[in-house]
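Report on the structure given below.
What follows is calculated from the coordinates using simple rules that are stated; it is not laboratory data. These numbers were taken from a predicted model, which means no experiment stands behind them. A quick note on method: Cβ atoms are made from the backbone with ideal geometry, for glycine too, and the neighbour counts reach across all protein chains shown.
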Amino acid sequence: MIMERIYITDVAPRDGLQNQSVAVSTEDKFTLISKLVEAGIENAEVTSFVSPKAVPMMSDAAELFPKVQGAFPQLNSFVLVPNLKGLEKAHEAGVKEVAFVLCATEMMNQKNINMSLAQAIESTLQLIEESKRLNIRSRTYISVAFDCPYEGETPLPRVVELAKKVYEAGTDQIVIADTIGSAAPAQVTERLNAILKYIPAEKIVIHLHDTRGMAVANAWAALQCGIRWFDASVGGIGGCPFAPGAAGNMATEDLVLMAEQSGFDTGISLEKLLYAVDHAQQVLDKTLGGGSIKWLRQNVRATTTLNPKTLNF
Ligand code: COA
Ligand code: ZN
């Protein structure tokens, strides 16, 4: 039987690290990315070209990006940019893939990029246009697509409208983000099905946080809707400095285990992913890992094969 493939973008180096309280050196970020690549990660958000005052952790983007690109030309290395200035800087650094963030509520745009929703829409459409002119691929987040920490539930028609707008503008992927990790599977199904009326599944990525321990259940709901692209963060590192209450992202190891055990191929080695978790733990000086980590540590390293089907369930 040919296993169906799912695709994972590891966002730990950007979404994961941007909210950490300890300083992380460029070298340690590079090592983390190396370990992800060794584990089979083909897509990653490696850094962001943002104001160093807004997110000090990402201030080494211009140094880190060329190192990563030079060492791993096969990796699709996305960088987040908040405005034209960021896009320019990214272009100068040789970036070929960028991520834009369009928050679905007024307050979240104010907090994140100091713009109103109307300004943010205009700016995002301009960024998509400019990236196409520069031959740079883009993924555009619809952030707080479920709930906003400032405004409560985000109206679904607005989420659909924003997703349609960026799709029609020609962004390559639309990332539906549960920024604060408040969604449950029924809402994931409802929201994705509403969006899928207008946008093909292969263009959509689901970005989940695990604040309530429901990220993997939500990922399963997305899989059932036909979504095959997922964001995740090794070790579940994450949180957003502008979204109070947002915990870590869905852990990459949880997603890989769930997907492979359910008959999907991820191209990722769980064993090698654990080395990336180990490195992140050391650097951040805290215990990391998703809900499956204890089981993985007890079972995966003890085996010679990486196929979870052969493990001792
Ligand atoms: N990269 C580096 N520096 C930038 C920049 C970029 N993309 N955009 C603006 N700046 C600098 C400006 O040059 C200015 O510097 P100065 O104070 O030394 O003159 C300073 O940042 C403020 O610029 P301004 O245009 O007035 O922006 P602002 O204060 O309204 O901040 C953003 C807007 C978007 C730059 C800032 O909020 C930001 O970088 N946010 C990042 C948000 C983020 O990463 N969120 C995570 C996504 S979930
Ligand atoms: Zn996120």
Build a GNM of the chain with springs between Cα atoms under 10 Å: which of E260, E45, E153 gets the top mean-square fluctuation?
E153
Hz values of 3J(HN,Hα) by residue in the stretch 26-43 - Karplus curve (6.51, -1.76, 1.60), Gly and Pro given as x:
4, 5, 5, 5, 4, 5, 4, 5, 4, 5, 5, 4, 4, 7, x, 5, 10, 9
Search the structure for amide H atoms under 5 Å from the amide H of Y141, placed 1.01 Å from N in the peptide plane, and list their residues when 5 or more places away or on another chain.
F100, V101, L102, V175
Please compute the modelled spin-label separation between Q261 and E153, points set 7 Å along Cα→Cβ, answer in nm with one decimal.
3.2
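If R₀ is 51 angstrom, what is the calculated FRET efficiency for the pair A118 and Q224, using the beta carbon separation as r and rounding to 0.05?
Details: r = 35 Å, r/R0 = 0.69.
The value I calculate is 0.90.
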Once you order the gyration tensor axes a ≥ b ≥ c over the Cα atoms, which shape class does the stretch 205-279 get: rounded for a/c under 1.5, otherwise prolate or oblate by comparing a/b with b/c?
oblate
Which pairs in the list K67/K197; K85/K165; K35/K164 are over 30 Å apart, alpha-carbon to alpha-carbon?
K67/K197; K35/K164
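Sort largest first and round to whole Å: the equivalent ellipsoid semi-axes of the stretch 160-241, each the square root of five times a Cα gyration tensor eigenvalue. Don't skip to the end; give the middle numbers.
Working: eigenvalues 87, 40, 25 Å².
Each semi-axis is √(5λ); the values are 21, 14, 11 Å.
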For K96 and N193, extending 7 Å from Cα along the Cα-Cβ vector and measuring point to point gives, in nm, a value of 3.9
Relative intensity, log₁₀ I(q)/I(0), of the chain from a Debye sum that treats every alpha carbon as a point, q = 0.16 Å⁻¹:
-1.38
Could you work out the local net charge near I199, counting Lys and Arg as +1, Asp and Glu as -1, over the other residues with Cβ closer than 14 Å to its Cβ?
+3
If the chain between K85 and N299 were fully stretched, how many nm would it gain, using 0.36 nm times the residue separation less the Cα-Cα distance?
72.3 nm
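Tell me what the chain gives for mean residue ellipticity at 222 nm when only DSSP H runs of n ≥ 4 count, each as -39,500 (n - 2.57), the sum divided by the residue total, rounded to 500 deg cm²/dmol. Before the final figure, lay out the partial values.
On the way: 11 runs with 126 residues, N = 313.
So the calculated ellipticity at 222 nm is -12500 deg cm²/dmol.
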Add +1 for every Lys or Arg and -1 for every Asp or Glu among the other residues with Cβ under 11 Å from the Cβ of R301, and state the total.
0
